[in-house]
1. Could you work out the relative contact order of the chain? I mean the mean sequence separation of Cα pairs under 8 Å and 6+ apart, divided by the number of residues, in percent.
2. Ignoring any ligand, DNA or RNA, what whole percent of the accessible area of the chain comes from carbon and sulfur when the probe is 1.4 angstrom?
3. With θ set to phi - 60° and the Karplus curve 6.51 cos²θ - 1.76 cosθ + 1.60, what are the ³J(HN,Hα) couplings of the stretch 157-165 in order, to the nearest whole Hz, using x for Gly and Pro?
4. Which Cα, out of Ala115, Leu62, Ile167, lies furthest along the positive dipole direction of the stretch 49-178 (beta carbon charges, K/R +1, D/E -1)?
5. Using the alpha-carbon atoms, what tilt in degrees (0 to 90, nearest 10) does helix 128-140 show relative to the longest principal axis of the chain?
6. What's the angle, to the nearest 10 degrees (0 to 90), between helix 16-27's Cα axis and the longest principal axis of the chain?
7. Past 19 Å, Cα to Cα: identify those pairs from Lys28/Lys128; Lys72/Lys165; Lys55/Lys142, in the order given.
8. Leaving out ligands and nucleic acids, and using a 1.4 Å probe, what accessible area per residue does the chain come to in Å²?
Amino acid sequence: DYTFLVVARLSKIKNLEMVINCFSKVFKGNDSVYLSIIGTGPQERRLKAITKKEKMEGQIQLHGIKSNAYVKQAMYQSNCLLLLSNYETFGVVVLEALLCGLPVISTRVGFSLEAISPLNGLLVENTKNDISNGLNKMYQNKGKYKRKEIQDDSIKRFGNETFVKSINKIYSNLVNEK
């Protein structure tokens, strides 16, 4: 089985209606591929209705709001995180996923622009065609992404040690300017 995971507030800006439509287009009838959506928000009823209309209740699950421990476990049990928003200021869920070794498909928003590389995922344009192709490409190349490599690279690039070094460098530069 293969599971795509979304962890988000269920609002228009998160583009989840398109995500469900693209997922349905690519994987309808492939009972070994699932879309798991964790979160709640103003679009929850609409997304459930679309899932039902598409007859995808067996492959798409909306879980509602869950604990941090549940989300962490879901990241370890899933195969790919999706962040296909229209806009993000940061997108902390991308960092959390990468630190769990989970590959990511993201639109070109927020932190994803810096974080996503060929090692750990795909950046896609915010179009039905590009998102559908990205979903299919990730699924077809599922053996390419190595969780341990993604996790190690993410810790090296974004972990505590790197953060502390960056802050120290900023402080040193500020002190030396005076």
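1. Values: 276 pairs, mean separation 36.1, N = 178.
Normalised by residue count, the contact order of the chain is 20 percent.
2. Working: 5120 of 9880 Å².
Using a 1.4 Å probe with all protein chains present, the chain comes out at 52 percent carbon and sulfur.
3. 7, 10, x, 4, 4, 5, 4, 4, 4
4. Comparing the listed Cα positions along the dipole, Leu62 ranks first.
5. The answer is roughly 80 degrees.
6. 60
7. Among Lys28/Lys128; Lys72/Lys165; Lys55/Lys142, the Cα-Cα distance tops 19 Å for Lys72/Lys165; Lys55/Lys142.
8. Working: 9880 Å² over 178 residues.
On a per-residue basis, 55 Å².
The values are calculated or read from the model by the stated rules, or taken from the named source; none is laboratory data. What you are looking at is a predicted structure, and each value in this text was computed from that prediction instead of being measured. Glycine also receives a Cβ, built like all others from the backbone with ideal geometry; neighbour counts cover every protein chain displayed. Calculation scope for accessible area: heavy atoms of the full protein, side chains included, ligands and nucleic acids excluded. Shrake-Rupley method; radii C 1.70, N 1.55, O 1.52, S 1.80 Å.
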